[in-house]
Amino acid sequence: MKRFILSSILVLAFVNLSAQDLKSYAAEQGENLQEIASKFQVDLLTLRKLNPSISDLKDISGHLFVVPAQPNFSLNSTVKLISYDVSPKETLYSISKTYNLKVKDLKTYNPFLFERGLDYNDILRIPVYELKDKDLDINQSIKNSEFSSLMHLVLPHETKYGISKKYGLSVEQLEALNPGIDEKEIQPGQFVKIKRPVEIKSFPRPRDENYVYLEVDRENSIQSISENYDVTEYDLLASNPSLKFEGMSEGLILKIPQIDEAEFFKYQKFTFEDKLKYFDTKSIAVMLPLNLERTKIDSIDFGSLLKNSNLLRISLDFYEGIQMAIDSASARGISVNMDVYDTRNDPSHVSQLLTEDFKKYQAVVGPLLDPSLKKVTNFLSRDNVPVISPLVNPKFEFNNLFSTLPKDEAMQELLITYIQKSWSDENMVILTDSISKPIQRKYTYTFPDLKVVNQEDSQYLQKMDIQPHLDLLKTNWFILETENIGIAEATVSFLKSYSRKGYDIRLFTSKRNSFYDDEISNYYLSDLQFTFPSISKSHLASADSQTSNAYYIKHGASANRYVMRGYDVMMDLLLRLTYAKTLQSSTEIQGYTEHLENKFNYTKNEFSLGYENDAIYLFQYGKDLNIEAIDLSKFLRAGE
């Protein structure tokens, strides 16, 4: 399988109540549940959910209930409340840590705690999170990771014994790693710390491997998998540590190393030279909004560069690049019959353009924006005519859709892979804003010992928010994931200040927003060896090619990135159609293709429809403000 899967992500439902949503109420003599529910305008089921211990009571008189403070209250369906008997010497802090909660969350669901302290006779309501079926494989990537220290998410029906067995621990060892769970059962949604036995390292990881992924069914055995995938039992155990303790079980996701065949072709360049053989005239349709007046758009996220840009100018630049590609293809003996359609940026007009004649095209490039693009892709999906999305990542799926822009998730996976492969003993720290919290979970799943910066002031980052997490005796790898220009600017400035004081710091991000160009000093980024993935190499000097020179001679200016992208998208399409009979069959190419500023490696989506481009550059600021491309094949093939 060409797609390299790193990890799963779990987004938990957060407690979304405030202290004003619930209050305490002592039941009066002779009062029943229905009367209490009516008094506070809440249904009986919600009242029972808010008070899980009432089923054990014969007489509710004087019992302290939690009830809604306002009418029309509804409890988050993803939150389940369980009752908890407080033991002597327990505190709100110790209970909150046991259940991975904040103290204020406990108080929110037990409002009497706002009025008095905790008593060991209290029965608390503890919010736990009901996990969906799609979350049930969240620990697969953790169980088969190479780390000895990690966090396991407790799933429904899991026990301490079952979890201990998965990781080769005894129940006593698990309890020792997680103080507080020795006297009580664990709960779904809770995290428990795992430290694998040292002996697991007796299986060295195979060198230079890629993986295919297999979901085990009742027909599978280690012997049958070894024979079918030409892999030894030794390599299976090395790549899947959970097998050593848990054995084979239906539904288990196995990583199967493919050492000799794959060899990370994904990160090696493929060239079309001497491989072109289908020289029939290519029939291509291009659909662009070419008659728009000056119209600003802000719904496209292409490196934030389409924001506040003129759609007509972008279309004309992109079309200029397409024409340059056709000229270059002609010089190689490739003839093209190209029809250009004006979409007017109007989906209803696009519907009128679509006729049976479109089935004759080998590919359609465009439209640029989602509504029109969806109409075209849907219309041509029945005949499997490829539709190329050149400037946006569509929010829909079709089997004939080719997305040319790598997704943010692919950028994150590449950076995490690079850090994982390159990490030795650096001190790792992460800072995220509220929007980027899901990304933080990816990092913490892969790097359990990652230090997390928490802002004391939610509005402003302080220098002292960062300093406690830095190590003066180690190299510090600082991961910054934020959409907030203020946080980014302050963080880079603070890190530069600490580097002057002797701290060795390297800065990473998976999304290099435009404010890194406009608002942040390149000198600071250079000193911090700023490292980031990119969909194009526009950060480097433009290629000194005949194509870019020809554009300069014609227009008296250098080609911008839309011209370059128009050239690269069309040139790649024409070469692929000359290399293979169809665009779909060209995706079997082993390796990425590259032209002026962009590269392409189309992969069939594993869990959705269509094809995605996952070919990404990884850049690092060097000395003297130089930006250098990191050789991905070199670091990914390096043994450990």
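The values are calculated or read from the model by the stated rules, or taken from the named source; none is laboratory data. Everything quoted here is computed from the prediction, not taken from an experiment. Cβ: placed from backbone, ideal geometry, glycine included. Neighbour counts: every protein chain shown. In case anyone asks, the SASA skips ligands and DNA or RNA and just uses the protein heavy atoms, side chains included. Shrake-Rupley method; radii C 1.70, N 1.55, O 1.52, S 1.80 Å.
I need the helices (runs of 4 or more DSSP H) fully contained in the stretch 477-539, keeping only those with at least 2 residues that are more than 27 Å from Met564 (Cα to Cα), open to solvent by 40 Å² or more (accessible area, probe 1.4 Å) and not polar (S, T, N, Q).
Details: elements: 485-500, 515-518, 522-527.
Output list reads 485-500, 522-527.
Which members of the stretch 417-438 meet the condition of being open to solvent by 30 Å² or more (accessible area, probe 1.4 Å) and under 16 Å from the mean Cα position of the chain (by Cα)?
Going residue by residue through the stretch 417-438, those that are open to solvent by 30 Å² or more (accessible area, probe 1.4 Å) are 420-426, 434-435, 437-438.
Those that are open to solvent by 30 Å² or more (accessible area, probe 1.4 Å) and under 16 Å from the mean Cα position of the chain (by Cα): Gln420, Ser434, Ile435, Lys437, Pro438.
For the stretch 439-476, which residues satisfy the criterion of being in a strand (DSSP E or B), more than 17 Å from Tyr524 (Cβ to Cβ) and of a type outside the set (Val, Ile, Thr)?
Lys451
Would you confirm whether any residue within the stretch 597-605 is among the basic types (Lys, Arg), at pLDDT 90 or above and open to solvent by 10 Å² or more (accessible area, probe 1.4 Å)?
Taking every residue of the stretch 597-605 in turn, at least one turns out to be among the basic types (Lys, Arg), at pLDDT 90 or above and open to solvent by 10 Å² or more (accessible area, probe 1.4 Å).
Any idea which of (1) open to solvent by 20 Å² or more (accessible area, probe 1.4 Å); (2) of a type in the set (A, V, I, L, M, F, W, C); (3) assigned to a strand (DSSP E or B); (4) at pLDDT 70 or above is the one Val212 doesn't satisfy?
Status for Val212: all satisfied but (4).
Which condition breaks for Tyr443 when tested against (1) more than 30 Å from Thr475 (Cβ to Cβ); (2) open to solvent by less than 40 Å² (accessible area, probe 1.4 Å); (3) of a type in the set (Phe, Trp, Tyr)?
Exception for Tyr443: condition (1).
Tell me which strands (runs of 3 or more DSSP E) are completely within the stretch 51-157 and hold 1 or more residues being open to solvent by less than 50 Å² (accessible area, probe 1.4 Å), modelled with pLDDT under 70 and among the aliphatic types (A, V, I, L, M), or say none if there are none.
Strands (runs of 3 or more DSSP E) meeting the threshold: 79-85, 123-129, 149-153.
Out of all the residues in the stretch 359-373, which are over 24 Å from the mean Cα position of the chain (by Cα) and either buried (at least 21 other Cβ atoms within 10 Å of the Cβ) or within 20 Å of Asn337 (Cα to Cα) (or both)?
Of everything in the stretch 359-373, those that are over 24 Å from the mean Cα position of the chain (by Cα) and either buried (at least 21 other Cβ atoms within 10 Å of the Cβ) or within 20 Å of Asn337 (Cα to Cα) (or both) turn out to be Lys359, Lys360, Tyr361, Gln362, Ala363, Val364, Val365, Gly366, Pro367, Leu368, Ser372, Leu373.
Give the residues of the stretch 401-418 that are assigned to a loop (DSSP other than H, G, I, E, B) and out of contact with any strand residue (DSSP E or B) (no Cβ under 6 Å at 6 or more places or on another chain), sorted by residue number.
Residues satisfying the conditions are Leu405, Lys407.
Mind counting the residues in the stretch 161-193 that are farther than 18 Å from Glu90 by Cα and touching an Asp or Glu at 6+ places or on another chain (Cβ under 6 Å)?
The qualifying residues number 1.
What pairs come out if I take residues in the stretch 433-455 that are touching a residue at least 60 places away in the same chain (Cβ under 8 Å) and pair them with residues that are of a type in the set (D, E, K, R) and surrounded by 19 or more Cβ atoms within 10 Å (Cβ to Cβ) whose C-beta lies under 6 Å away, six or more apart or interchain?
The qualifying pairs are Ile439/Glu481.
Please go through the stretch 21-48 and pick out each residue that is surrounded by fewer than 17 Cβ atoms within 10 Å (Cβ to Cβ), more than 15 Å from Pro111 (Cβ to Cβ) and under 44 Å from the mean Cα position of the chain (by Cα).
Hits for the stretch 21-48 are Gln41, Asp43, Leu44, Leu45, Thr46, Arg48.
What are the pairs, 6+ residues apart or on separate chains, where a residue within the stretch 174-196 that is part of a helix (DSSP H, G or I) has its Cβ under 8 Å from a residue that is modelled with pLDDT of 75 or more and open to solvent by 40 Å² or more (accessible area, probe 1.4 Å)?
Qualifying pairs under 8 Å: Leu177/Lys193; Leu177/Lys195.
Here is a yes/no grid of residues against (1) modelled with pLDDT of 95 or more; (2) among the aromatic types (Phe, Trp, Tyr); (3) out of contact with any strand residue (DSSP E or B) (no Cβ under 7 Å at 6 or more places or on another chain):
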{"position": "Ile300", "(1), (2), (3)": "no, no, yes"}
{"position": "Gly303", "(1), (2), (3)": "no, no, yes"}
{"position": "Asn308", "(1), (2), (3)": "no, no, no"}
{"position": "Arg313", "(1), (2), (3)": "no, no, yes"}
{"position": "Ile322", "(1), (2), (3)": "yes, no, no"}
{"position": "Asp327", "(1), (2), (3)": "no, no, yes"}
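Just the residues that are in contact with a Pro (Cβ under 8 Å, 6 or more places away or on another chain), in a helix (DSSP H, G or I) and hydroxyl-bearing (Ser, Thr, Tyr), please, taken from the stretch 336-377.
Ser372, Thr377, listed by residue number.
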